[in-house]
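K.L.:
Structure incoming, see below.
The values are calculated or read from the model by the stated rules, or taken from the named source; none is laboratory data. Just so it is clear, the model here is predicted, and its values are computed rather than measured. For neighbour counting, all protein chains shown are included, and Cβ atoms are generated from backbone atoms with ideal geometry for every residue, glycine included.
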């Protein structure tokens, strides 16, 4: 059982908890209007308004790290697997009428240190290209068809890639000081090659006062959100039928450049409890995760 689940899914679990937390900004739901005092714009001068633009164009690159501690609550020895994911994201955005076109590249590498198995595994790394269009009025994201693989092809998908693509394509609903909002999101993803559906509630709050990005030291707008999520999934893997049921919580802080609106850094802490059923046997896994992203090169 451990070989099928814990070892086979531990690399995917590196991003599972932060996926549950929604560590990247979430777009506004389609029916929700954009706040009147935060008008979508691809170019905005800091002198013309009190808030940074929601949408910016140009080149951006990020370094993303995720560390997950995966344990079995029933393990009396308290052993943990440590899963480390290093991801680089680079993308370009340009204005295309009322939309923003996004073209990018993601490189990711996962290393797993297993105390239970007394071994360390490391992947050779993955490289993924993507294209997407972002509607500047609603924030809705449309990913190019070649990236929207059917869930049956989950084995070719990587949660860290999905996370990085979200960072490049989604934006907060508002930069207005003290603004708050709630997003209720249903999303399809993959975990260890198994199709997964998550239902998340995320509560956002813009800090009432200006902030300082803890990574670059630049003046920033701080947006924090908490999340609660449930997930269900099922599929065949390694000749076995697997079902997944989980729930988690998370807290995220995002720092946006006070003048340009570009994301400078983000930090998420999250927990996930997951029940994995194989052949009628259930194994419970618990994960604590720490996810961080920082812009490379000091901005656009």
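K.L.:
Can you find a residue that is at pLDDT below 85 and out of contact with any strand residue (DSSP E or B) (no Cβ under 6 Å at 6 or more places or on another chain) anywhere in the range 205-218?
P.N.:
No, because not a single residue in the range 205-218 is at pLDDT below 85 and out of contact with any strand residue (DSSP E or B) (no Cβ under 6 Å at 6 or more places or on another chain).
K.L.:
Sticking with this structure for a sec: Would you point out which residue out of 297, 261, 239 is at pLDDT below 90, touching a strand residue (DSSP E or B) at 6+ places or on another chain (Cβ under 9 Å) and on the phi > 0 side of the Ramachandran plot?
P.N.:
297
K.L.:
Now a separate question. Being over 25 Å from residue 136 (Cβ atoms) and touching a residue at least 24 places away in the same chain (Cβ under 8 Å) narrows it down to one residue among 161, 185, 194, 206; which is it?
P.N.:
It is 194.
K.L.:
I need the full set of residues from the range 88-113 which are under 29 Å from residue 271 (Cα atoms) and out of contact with any helix residue (DSSP H, G or I) (no Cβ under 7 Å at 6 or more places or on another chain), in order please.
P.N.:
Passing the criteria: 88, 90, 105, 107, 109, 111, 113.
K.L.:
Test residue 159 against the criterion of being crowded, with 21+ Cβ neighbours inside 10 Å, in contact with a strand residue (DSSP E or B) (Cβ under 9 Å, 6 or more places away or on another chain), modelled with pLDDT under 90 and over 20 Å from residue 223 (Cβ atoms), and give yes or no.
P.N.:
yes
K.L.:
Within 21 Å of the chain's Cα centre (by Cα), in a strand (DSSP E or B) and at pLDDT below 95: is that true of residue 184 in this structure?
P.N.:
Here the answer is yes, as residue 184 does meet what is asked.
K.L.:
Considering only the range 81-98, I want to know if a residue exists there that is more than 26 Å from residue 187 (Cβ to Cβ), assigned to a strand (DSSP E or B), at pLDDT 85 or above and within 20 Å of the chain's Cα centre (by Cα). Give the derivation first.
P.N.:
From the range 81-98, those more than 26 Å from residue 187 (Cβ to Cβ) are 82, 94-95, 97; that's our starting set.
From what's left, assigned to a strand (DSSP E or B): 82, 94-95.
So of that shortlist, the ones also at pLDDT 85 or above come out as 82, 94-95.
After this cut, where a residue has to be within 20 Å of the chain's Cα centre (by Cα) as well, the list is 82.
Yes, there is a match, as at least one residue in the range 81-98 is more than 26 Å from residue 187 (Cβ to Cβ), assigned to a strand (DSSP E or B), at pLDDT 85 or above and within 20 Å of the chain's Cα centre (by Cα).
K.L.:
Here's another thing I want to ask about it. Give me the residue from the range 47-60 that is more than 14 Å from residue 98 (Cα to Cα) and surrounded by 17 or more Cβ atoms within 10 Å (Cβ to Cβ) and, out of that set, modelled with the lowest pLDDT.
P.N.:
Filtering the range 47-60 for residues more than 14 Å from residue 98 (Cα to Cα) gives 47-53, 58-60.
When the remaining residues are screened for being surrounded by 17 or more Cβ atoms within 10 Å (Cβ to Cβ), the result is 51-53, 60.
Values: 51: 83, 52: 90, 53: 89, 60: 95.
Step by step, filter the range 47-60, then rank; the result is 51.
K.L.:
Going residue by residue through the range 234-245, is there one that turns out to be under 14 Å from the mean Cα position of the chain (by Cα) and crowded, with 16+ Cβ neighbours inside 10 Å? Break it down stepwise before answering.
P.N.:
Here is the first cut: in the range 234-245, the residues under 14 Å from the mean Cα position of the chain (by Cα) are none.
Looking through the range 234-245, none of the residues is under 14 Å from the mean Cα position of the chain (by Cα) and crowded, with 16+ Cβ neighbours inside 10 Å.
K.L.:
So, one more: What number of residues within the range 68-87 are touching a residue at least 40 places away in the same chain (Cβ under 8 Å) and closer than 21 Å to residue 265 by Cα?
P.N.:
Final tally of qualifying residues: 4.
K.L.:
Condition first: surrounded by fewer than 17 Cβ atoms within 10 Å (Cβ to Cβ) and closer than 27 Å to residue 170 by Cα. Can you find one or more residues in the range 278-288 that meet it?
P.N.:
The answer is yes, given that some residue of the range 278-288 is surrounded by fewer than 17 Cβ atoms within 10 Å (Cβ to Cβ) and closer than 27 Å to residue 170 by Cα.
K.L.:
Now a separate question. Taking only the range 252-286 into account, find how many residues are assigned to a strand (DSSP E or B) and closer than 30 Å to residue 236 by Cα.
P.N.:
15
K.L.:
Within the range 132-149, is there a residue that is within 20 Å of residue 190 (Cα to Cα), in contact with a helix residue (DSSP H, G or I) (Cβ under 9 Å, 6 or more places away or on another chain) and modelled with pLDDT of 90 or more?
P.N.:
Yes: the range 132-149 contains one or more residues that are within 20 Å of residue 190 (Cα to Cα), in contact with a helix residue (DSSP H, G or I) (Cβ under 9 Å, 6 or more places away or on another chain) and modelled with pLDDT of 90 or more.
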